[in-house]
Amino acid sequence: MLKNYKELKVWQKAYQLCIAIYKVTKHFPNEERYGLTSQIRRSAVSVPSNIAEGYGRKTTQEYMHSLYIAYGSHCELETQIMLSKDLGYIKAEDFNDLQGWIAEVERMLKALITSLQKKHLNP
């Protein structure tokens, strides 16, 4: 049994992705500070934050709800990263690295949601 949300591998990966996002967006144009930079960072922070919040909830259903919010933010983040690459704000190498992290976090989030759904349906 896990002692806290920080032991969840998906939270750890999402947290590291968030740090990587902050480092990459530090180099975005100043005119994007309150636009795309802010939006990407909010999406990135939302993923590990909602995983943590859900872990702290009382019921499996509440936990799953928070994970779905995290997944939605994750999809939003992926879209914003793609847009940033197409606008020339992210180097190809950085984009490829981020895409790898994004794919891994998505896979792990889906697996956790599926596991909790099965547990919820078959207690």
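The values are calculated or read from the model by the stated rules, or taken from the named source; none is laboratory data. All figures in this text were calculated on a predicted structure; none of them were measured in a lab. Every residue, glycine as well, gets a Cβ built from its backbone with ideal geometry; the counts of neighbours run over all protein chains shown.
Laid out as a table, the results:
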read-out: Index of the failed condition, K118 passing every other in (1) surrounded by 12 or more Cβ atoms within 10 Å (Cβ to Cβ); (2) in a helix (DSSP H, G or I); (3) of a type in the set (K, R); value: (1)
read-out: Cβ pairs under 6 Å, 6+ apart, first in the range 25-39 and touching a residue at least 12 places away in the same chain (Cβ under 8 Å), second in a loop (DSSP other than H, G, I, E, B) and of a type in the set (S, T, Y); value: F28/Y89
read-out: The range 42-67 residues that are under 23 Å from I81 (Cβ atoms), paired with ones that are surrounded by 15 or more Cβ atoms within 10 Å (Cβ to Cβ) and among the aromatic types (F, W, Y) (beta carbon under 6 Å, 6 or more apart); value: P48/W11; P48/Y15; I51/W11; A52/Y5
read-out: Filter result for D97 (under 20 Å from Q16 (Cβ atoms), at pLDDT 95 or above and more than 12 Å from the chain's Cα centre (by Cα)); value: yes
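Yes/no matrix, rows are residues, columns are (1) out of contact with any His (no Cβ under 9 Å at 6 or more places or on another chain); (2) under 27 Å from L2 (Cα atoms); (3) of a type in the set (V, I, T):
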| residue | (1), (2), (3) |
| --- | --- |
| N30 | yes, no, no |
| S38 | yes, no, no |
| S49 | yes, yes, no |
| Y68 | yes, yes, no |
| L77 | yes, no, no |
| I81 | yes, no, yes |
| Y89 | no, no, no |
| E93 | yes, no, no |
